[in-house]
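Asks: Just dropping this structure here.
The values are calculated or read from the model by the stated rules, or taken from the named source; none is laboratory data. Not measured: the values here are computed from a predicted model. All Cβ positions, even for glycine, are placed from backbone atoms using ideal geometry, and neighbour counts span all protein chains on display.
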Amino acid sequence: MNSLVVSWGLLVALRQDPDFAKLLEKAKYTLTEAIAKGKKEVPGGKVLSAYLEENDGNPRYFLYIALGQKTVEVALDLKDGTLSNKETLDDDDSKIVSAVKITLEEAIATALKKVPGKAVYADFDVDEKGPPEAEVNVFADGKVTRVLIHAVTGEVLKTEPK
């Protein structure tokens, strides 16, 4: 039983959000600015996901950019925007590209109008259960608020604590 409790505790610890206050303190530019920098690395691509995270002691912005039937992962240093990794993946996200009509930057701007703060995560999601959505997580006052936006009309669908 003790191993089950320890395992569950580790699982919960692994699923928690990063320390956004600490990461944002290190960041010298915003998620939207990171997207602009990432787009220069993948001309003609569409950014489908962007977030900040610390991996192996390196705080970075991670971007996933669809280009044709491939996806390019771009990692940018959180402090100065230099490229720390760029890798082409075999993921075909063209279905998402064709389904969404707004950009991730527009989704972030809409979310920040609804919930003032700092965007720390943004992602498009397409499934059969509803309209294509953009999810933007906004950090303010020590809390994260999830904002769901219709990825065709740009309308805010829902806000909720994360």
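Asks: Given the criteria under 29 Å from G68 (Cβ atoms) and touching an Asp or Glu at 6+ places or on another chain (Cβ under 6 Å), does D123 qualify? Steps first, answer last, please.
Replies: Numbers: under 29 Å from G68 (Cβ atoms): yes; touching an Asp or Glu at 6+ places or on another chain (Cβ under 6 Å): yes.
It is true that D123 is under 29 Å from G68 (Cβ atoms) and touching an Asp or Glu at 6+ places or on another chain (Cβ under 6 Å).
Asks: Could you tell me whether any residue of the stretch 47-54 is surrounded by fewer than 20 Cβ atoms within 10 Å (Cβ to Cβ), over 23 Å from L67 (Cβ atoms) and either among the acidic types (D, E) or at pLDDT below 95 (or both)?
Replies: Yes, the conditions are met somewhere in the stretch 47-54.
Asks: Mind checking which pairs have a first residue in the stretch 136-150 that is in contact (Cβ under 8 Å) with a residue 60 or more places away in the chain and a second that is among the small types (G, A, S) and surrounded by fewer than 16 Cβ atoms within 10 Å (Cβ to Cβ), Cβ under 8 Å, 6 or more apart or different chains?
Replies: F139/A21; G142/A21
Asks: Regarding L63, is this residue surrounded by fewer than 20 Cβ atoms within 10 Å (Cβ to Cβ) and modelled with pLDDT of 95 or more? Show your work before the answer.
Replies: On the way: surrounded by fewer than 20 Cβ atoms within 10 Å (Cβ to Cβ): no; modelled with pLDDT of 95 or more: yes.
Against the criterion (surrounded by fewer than 20 Cβ atoms within 10 Å (Cβ to Cβ) and modelled with pLDDT of 95 or more), L63 does not qualify.
Asks: Moving on to the next point. Is at least one residue of the stretch 67-84 surrounded by fewer than 15 Cβ atoms within 10 Å (Cβ to Cβ) and among the charged types (D, E, K, R)?
Replies: So the first thing to find is which residues in the stretch 67-84 are surrounded by fewer than 15 Cβ atoms within 10 Å (Cβ to Cβ), and the list is 68-69, 79-80, 82-83.
Checking which are among the charged types (D, E, K, R) leaves us with 79-80.
Among the residues of the stretch 67-84, at least one is surrounded by fewer than 15 Cβ atoms within 10 Å (Cβ to Cβ) and among the charged types (D, E, K, R), which makes the answer yes.
Asks: Also, I was wondering about something else. Go through (1) assigned to a strand (DSSP E or B); (2) more than 25 Å from D17 (Cβ to Cβ); (3) acidic (D, E) for E54 and report which single condition fails.
Replies: The one condition E54 does not meet is (2).
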